[in-house]
Amino acid sequence: MAPSFDDGNSLFNFVVRDGNGVKGMVDSGLSTVPQAYMQPPIERIDKDRARKHGQPPIDLSKLGGPEHEEVAKQIVRASESLGFFQVVNHGVPVDLLESLKDTAHDFFSLPAEKKAVYRADVSPTPLVKYGTSFVPQKEKALEWKDYISMQYTNDAEALQNWPEEIRDVSLEYLRTSMSMVRNLLQVLLENLGVKPEDSMIDVLVDKKMVNMNYYPTCPNPDFTVGVGRHSDMGTLTILLQDGIGGLYVKIEEDSEFGKKGEWVEIPPVPSALVINVGDMIQVLSNGKYKSAEHRVRTTSTKSRVSIPVFTMPNATAKIAPLPEVVEKDGNALYKEFILADYMKNFFSNAHDGKKSLDFAKN
Ligand code: OGA
Ligand code: NI
């Protein structure tokens with residue numbers, strides 16, 4: 001029996017503590033947005049005012065060919081200004097993309113008990129976590145999203161510990177996307193004047209995580225957010241979104257993509273993947289590449305899924321702006337830190353735009 005969602009405590013217990021998620025709340029028959037999900041006006045997303053990002057996806061099959069330089073330039077330009085771009089011919093089979101979206105819908109349609117076994121405090125494995133919102137204990141308004149997160153250590157542990165319903169497609173996604181990630185990093189590092197050896201790229205993508213995000217239909221999308229303003233903390237994120245739309249990025253600097261401070265929508269493009277620059281790349285590049293501030297709107301008609309792969313260095317890694325870049329720039333914008341300390345700060349605060357980077361500022 002679903003509780004009254006007008007009462008903050010019983011809502012929290014039902015949605016967060018007992019693992020019913022936003023999905024469970026919506027399925028119980030909801031006609032209005034509960035108070036706990038009402039965003040302050042400043043965080044609400046005005047759909048009608050946002051422009052669509054018109055940049056065509058970058059064709060990665062041209063890397064290494066006669067048009068390599070032009071394609072590399074497109075990657076660099078997007079990473080310097082927006083921190084977001086889309087790619088096609090990325091090496092991940094298109095039918096796998098379809099299976100991933102179907103599998104995510106199937107998984108979140110499972111009864112709550114099946115998913116709730118992976119709640120952080122009871123999960124049988126530290127590699128898998130099912131949850132809702134971002135840091136529900138810390139948030140003034142909750143995010144309209146449920147998710148499952150799977151850390152990758154090696155194939156054997158993934159096969160043994162990841163939920164079997166979503167394990168194989170997720171692993172295949174990771175396998176088929178990593179060479180693209182390495183190629184993109186190669187381009188970004190070369191442009192900084194660093195001759196990237198494979199070992200350096202290994203460090204940058206040492207840790208990997210596949211998430212499945214589920215955004216149930218919402219009675220009033222104007223009052224809620226699917227994910228609040230944030231940047232991703234790691235190296236590069238690969239994101240598969242479905243056809244529904246609602247992913248917005250903030251323009252950090254006046255550029256060919258628009259005016260500083262403006263939000264643009266990254267429109268769904270069939271068979272494309274979205275790439276976004278994470279905080280670690282902003283730090284390593286001494287601010288030259290921008291981690292992208294982004295957020296997600298909800299919809300009233302259909303549930304949305306997205307499936308990101310996050311890459312990052314190992315928790316024990318020391319991170320600092322690359323010496324080659326600092327030497328050129330004359331000063332380091334960021335200090336050296338241990339990744340674990342950065343992560344601890346990132347995951348213990350509610351989403352708040354790019355405030356996460358303050359931790360590393362000199
Ligand atoms: C994220 C994220 C965007 C989306 O999971 O970090 O920003 O479209 N997701 O779901
Ligand atoms: Ni994100």
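The values are calculated or read from the model by the stated rules, or taken from the named source; none is laboratory data. Note that this is a predicted model, so its numbers are computed, not measured. As a convention, Cβ positions derive from the backbone with ideal geometry for all residues, glycine included, and neighbour counts pool all protein chains shown.
Data overview
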item: Condition met for Gly243 (outside any strand (DSSP E or B), within 16 Å of ligand 1 (Cβ to nearest atom), surrounded by fewer than 18 Cβ atoms within 10 Å (Cβ to Cβ) and in contact (Cβ under 8 Å) with a residue 24 or more places away in the chain); result: yes
item: Any hit, region 199-221, residues being assigned to a helix (DSSP H, G or I), within 27 Å of Gln35 (Cβ to Cβ), in contact (Cβ under 8 Å) with a residue 12 or more places away in the chain and in contact with a Lys or Arg (Cβ under 8 Å, 6 or more places away or on another chain); result: yes
item: Residue that is surrounded by 14 or more Cβ atoms within 10 Å (Cβ to Cβ), under 15 Å from Gly234 (Cα atoms) and touching a Gly at 6+ places or on another chain (Cβ under 9 Å), where the choices are Pro321, Pro308; result: Pro321
item: Residues that are over 11 Å from the mean Cα position of the chain (by Cα) and either of a type in the set (Val, Ile, Thr) or away from ligand 2 (no atom under 16 Å from the Cβ) (or both), drawn from region 290-313; result: Thr298, Thr299, Ser300, Thr301, Lys302, Ser303, Val305, Pro313
item: Tally, over region 27-85, of residues that are modelled with pLDDT under 90 and of a type in the set (A, V, I, L, M, F, W, C); result: 1
item: Odd one out for Tyr118, checked against (1) touching a residue at least 60 places away in the same chain (Cβ under 8 Å); (2) out of contact with any Ser or Thr (no Cβ under 7 Å at 6 or more places or on another chain); (3) surrounded by 21 or more Cβ atoms within 10 Å (Cβ to Cβ); result: (1)
item: Residue match in region 278-293 (condition: crowded, with 24+ Cβ neighbours inside 10 Å, assigned to a strand (DSSP E or B) and either among the polar types (S, T, N, Q) or free of Cβ contacts under 8 Å to residues at least 40 places away in the same chain (or both)); result: no
item: From the options Leu100, Leu142, Leu96, residue that is at pLDDT 95 or above, more than 14 Å from Asn211 (Cα to Cα) and out of contact with any Asp or Glu (no Cβ under 7 Å at 6 or more places or on another chain); result: Leu142
item: Positions within region 63-87 being assigned to a helix (DSSP H, G or I) and in contact (Cβ under 8 Å) with a residue 12 or more places away in the chain, in sequence order; result: Val71, Ala72, Gln74, Ile75, Val76, Arg77, Ala78, Ser79, Glu80, Ser81
item: Selection status of Val269, touching a residue at least 24 places away in the same chain (Cβ under 8 Å) and outside any helix (DSSP H, G or I); result: yes
item: Counted residues, region 251-287 - those being farther than 18 Å from Val87 by Cα, within 16 Å of ligand 2 (Cβ to nearest atom) and of a type in the set (S, T, N, Q); result: 1
item: The one condition in (1) modelled with pLDDT of 95 or more; (2) within 15 Å of ligand 1 (Cβ to nearest atom); (3) farther than 30 Å from Asn183 by Cα that Ile148 fails to fulfil; result: (3)
item: Considering residues of region 324-346 that are away from ligand 2 (no atom under 16 Å from the Cβ), under 22 Å from the mean Cα position of the chain (by Cα) and aliphatic (A, V, I, L, M) only, the residue surrounded by the most Cβ atoms within 10 Å (Cβ to Cβ); result: Leu339
item: Scope region 186-213; condition within 16 Å of ligand 2 (Cβ to nearest atom) and either hydrophobic (A, V, I, L, M, F, W, C) or crowded, with 24+ Cβ neighbours inside 10 Å (or both); matching residues; result: Met209, Val210, Met212
